[in-house]
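> Okay, here's the structure, questions in a sec.
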Amino acid sequence: MKKYKVVIFDWDGTLMNTISQIVTCMHQSAEMTDGLTSLSVNTYKQTIGLSLEATVNSLYPNATDVQHMLWQQYYSELYVEADNRQDSQLYSGVVETLKLLQQQKLVLAIATGKRRRGLNRAFQHTQIQDYFAVSRCADETASKPDPLMIHEVLAELGLQPDEALMVGDSVHDMRLANNAGVDVVGITWGVDDRETLNRYNPLCVIDLIEELLMVPSLANK
């Protein structure tokens, strides 16, 4: 049985309930950008986890560079406003689970599609930054599902892929883990459902974050 040494978490939709906030800002950004039309909620949700640049390229592949730039600018401004209102909160059980994992001498890390300044605001809001030894953001490295993000986390910790476990809510997290050669646990309270996540060969898919403590090689470590 493997003995994991680090658990790498996605942020949006995994630790923090930001999905509605993200979708609303995407929708409003499109409405504010001349020539762009608003898309469906599901279409927006399917890009959560990608870098902002990869997101707008995926959503509006035929838009001009100027439209892409404006959409990103509006999105960033709207999201900061929402952060300042503290619209989003951590999911129930997150802090307690992080504390128990840390007590089991596991290293905790973040691999997120957020930009660094966005993660820093989230840390300031939630005050859970001290649980994480390492974090990587999309403006510091390649966007998911490129494995570079995880490779950099592991390099900083001096660990190998078979010593790491990824936890995420979307196909982007699943593909990131698969591409990096690390095991992955899917969670059902975020973007994608159990059936979708199971297509990427996760170790398991859980319905409550507390169930992470029962995953083999994490339980009673």
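The values are calculated or read from the model by the stated rules, or taken from the named source; none is laboratory data. Computed from a predicted model, the values in this text were never measured in an experiment. Cβ atoms come from the backbone with ideal geometry, glycine included; neighbour counts cover every protein chain shown. Protein only, heavy atoms only, side chains kept; ligands, DNA and RNA dropped before computing areas. Shrake-Rupley method; radii C 1.70, N 1.55, O 1.52, S 1.80 Å.
> Return only the number of the condition from (1) farther than 21 Å from GLU210 by Cβ; (2) surrounded by 15 or more Cβ atoms within 10 Å (Cβ to Cβ) that THR97 does not satisfy.
Here THR97 clears every test but (1).
> Still on this structure, please answer the following. Output the residues belonging to region 36-63 that are part of a loop (DSSP other than H, G, I, E, B) and open to solvent by 70 Å² or more (accessible area, probe 1.4 Å).
Scanning region 36-63 gives THR37, PRO61, ASN62.
> Another question, then. TYR91: under 30 Å from GLU31 (Cα atoms), among the aromatic types (Phe, Trp, Tyr) and either free of Cβ contacts under 8 Å to residues at least 40 places away in the same chain or open to solvent by less than 60 Å² (accessible area, probe 1.4 Å) (or both), yes or no?
Criteria met by TYR91.
> Any idea how many residues of region 77-88 are part of a helix (DSSP H, G or I) and open to solvent by 30 Å² or more (accessible area, probe 1.4 Å)?
5
> Conditions first: (1) modelled with pLDDT of 95 or more; (2) out of contact with any Ser or Thr (no Cβ under 7 Å at 6 or more places or on another chain); (3) surrounded by fewer than 16 Cβ atoms within 10 Å (Cβ to Cβ). ARG175 passes all but one, so which condition is the exception?
(3)
> So, in region 118-153, how many residues would count as being part of a helix (DSSP H, G or I) and either more than 15 Å from LEU98 (Cβ to Cβ) or open to solvent by less than 60 Å² (accessible area, probe 1.4 Å) (or both)?
16
> Of (1) within 14 Å of the chain's Cα centre (by Cα); (2) touching a residue at least 60 places away in the same chain (Cβ under 8 Å); (3) farther than 18 Å from VAL182 by Cα; (4) in a helix (DSSP H, G or I), LYS114 satisfies all except one. Which?
(4)
> Sort out which residues of region 166-198 are free of Cβ contacts under 8 Å to residues at least 12 places away in the same chain and outside any helix (DSSP H, G or I), and write them in order of number.
ASP193
> Return the pairs, sorted by first residue and then second, in which the second residue is open to solvent by 30 Å² or more (accessible area, probe 1.4 Å), the first residue lies in region 154-165 and is farther than 10 Å from VAL107 by Cβ, the beta carbons are less than 6 Å apart, and the residues are 6+ apart or on different chains.
PRO161/GLY181; LEU165/ASP183
> Then there's this: What are the pairs with Cβ atoms under 7 angstrom where one residue, in region 36-62, is touching a residue at least 60 places away in the same chain (Cβ under 8 Å) and the other, located anywhere, is in a strand (DSSP E or B)? Sequence gap at least six, or different chains.
Here the result reads ILE48/ASP12; GLY49/ASP12, each pair linking region 36-62 to a residue that is in a strand (DSSP E or B).
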